[in-house]
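Data first, discussion second: the structure below is written as structure tokens.
The values are calculated or read from the model by the stated rules, or taken from the named source; none is laboratory data. What you are looking at is a predicted structure, and each value in this text was computed from that prediction instead of being measured. Virtual Cβ from ideal backbone geometry, glycine too; neighbours counted across all protein chains shown.
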Amino acid sequence: MAQQQTAADWPKIADLEGKRILITGASTGIGAAAARAFGANGARVGVHYNASRDKAELVARDVEAAGGKAVLIGGDVTKSAEIKRIMAEAAAGLGGLDVLVNNAGGLVKRIPITEYDDAIIDSIIDLNVRQVAHFMREGARLLIAQGTGGSIINLSSVAARVGGGPGSVLYAAAKGFVSTATRGWARELVKHKIRVNAVSPGVIMTPFHERYSTPEQLAVMQTGIPMDRLGSADECVGAFLYLASERLGSFVTGQILEVNGGQYMP
């Protein structure tokens with residue numbers, strides 16, 4: 001697995017300097033790595049968190065130490081009223097918005113179909129589908145009102161392609177929604193010069209797998225990866241930098257960018 005990169009390691013993309021970027025779920029994992037990389041490019045980064053304020057504060061310090069500006073924004077993304085407040089605080093703190101990264105989400109719980117109940121179904125859909133749709137709505141409204149275009153990057157998963165591992169079918173289906181909706185939203189918003197894409201990670205060693213996957217499950221997953229190793233959060237970051245940059249990604253919209261070591265090749 002690759003080592004965590006420092007500010008000096010990230011490529012410098014000139015047009016990201018000063019960009020106003022909100023990343024949901026930025027206190028740990030892929031969101032935190034993306035925040036640090038955008039900070040190293042001189043961006044203004046809204047570091048959103050829910051329960052992990054202490055970890056978000058560490059990320060914010062890293063963003064500023066790397067040369068960016070960080071704005072901490074707390075809130076529960078499963079509550080629609082909170083989403084409106086999060087977006088308003090981000091716009092106020094950042095001075096507007098150029099890039100929205102819908103990174104927040106989670107497995108919630110591995111559970112077989114025979115044990116589904118209303119509570120688990122609702123919790124997985126709320127965290128991985130409903131909040132993404134709400135953030136898309138609020139982000140689109142803000143970017144359209146500004147009239148300057150922008151980029152929205154959603155987080156999908158290789159699970160959307162293969163149906164998920166043991167007990168994670170609902171999560172995989174939710175990520176399938178994200179991938180499909182990303183393409184539709186891209187078509188709808190292109191007339192406003194808003195690009196909509198998604199990053200689809202494979203098996204990435206973050207708190208997600210530390211919490212939900214056993215060493216034995218991870219070993220089995222690794223056997224299906226041609227690179228024969230698990231990925232790191234830092235190895236996903238280049239995709240976010242590329243899709244956020246108008247210089248690099250200006251003709252890219254409606255795409256699902258796979259970052260999985262060859263685990264799935266569409």
Legend entry - Members of the stretch 78-101 found to be farther than 14 Å from residue 24 by Cβ, part of a helix (DSSP H, G or I) and among the charged types (D, E, K, R), listed by number: none
Legend entry - Selection status of residue 57, of a type in the set (Asp, Glu) and either closer than 22 Å to residue 232 by Cα or in contact (Cβ under 8 Å) with a residue 24 or more places away in the chain (or both): yes
Inset, instruction - Take the stretch 29-51 and flag every residue that is modelled with pLDDT of 95 or more and assigned to a loop (DSSP other than H, G, I, E, B). - result: 41, 42, 43, 50
Legend entry - Output for the stretch 182-204, where each listed residue is at pLDDT 95 or above, buried (at least 19 other Cβ atoms within 10 Å of the Cβ) and aliphatic (A, V, I, L, M): 186, 189, 194, 196, 198, 199
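Determine whether residue 84 is closer than 20 Å to residue 144 by Cβ, without any contact (Cβ under 8 Å) to a residue 60 or more places away in the chain and not hydroxyl-bearing (Ser, Thr, Tyr).
Here the answer is yes, as residue 84 does meet what is asked.
Starting from residues that are aliphatic (A, V, I, L, M) and over 30 Å from residue 218 (Cβ atoms), keep the ones in the stretch 123-178 and report whichever is surrounded by the most Cβ atoms within 10 Å (Cβ to Cβ).
Checked the stretch 123-178; the qualifying residue surrounded by the most Cβ atoms within 10 Å (Cβ to Cβ) is 152.
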Inset, instruction - Scan the stretch 17-28 and give yes if some residue there is among the acidic types (Asp, Glu), touching a Ser or Thr at 6+ places or on another chain (Cβ under 7 Å) and modelled with pLDDT of 95 or more, otherwise no. - result: no
Inset, instruction - Go through the stretch 155-233 and tell me which helices (runs of 4 or more DSSP H), entirely inside it, have 3 or more residues that are closer than 23 Å to residue 23 by Cβ and among the hydroxyl-bearing types (Ser, Thr, Tyr). - result: 169-189
Legend entry - Subset of the stretch 238-254 (residues that are part of a loop (DSSP other than H, G, I, E, B) and surrounded by fewer than 19 Cβ atoms within 10 Å (Cβ to Cβ)): 250, 251, 252, 254
Inset, instruction - Please enumerate the residues belonging to the stretch 36-63 that are touching a helix residue (DSSP H, G or I) at 6+ places or on another chain (Cβ under 7 Å) and of a type in the set (Asp, Glu). - result: 62
Legend entry - Lone qualifier among 64, 89 - being within 26 Å of residue 234 (Cα to Cα), in contact with a strand residue (DSSP E or B) (Cβ under 7 Å, 6 or more places away or on another chain) and surrounded by fewer than 22 Cβ atoms within 10 Å (Cβ to Cβ): 64
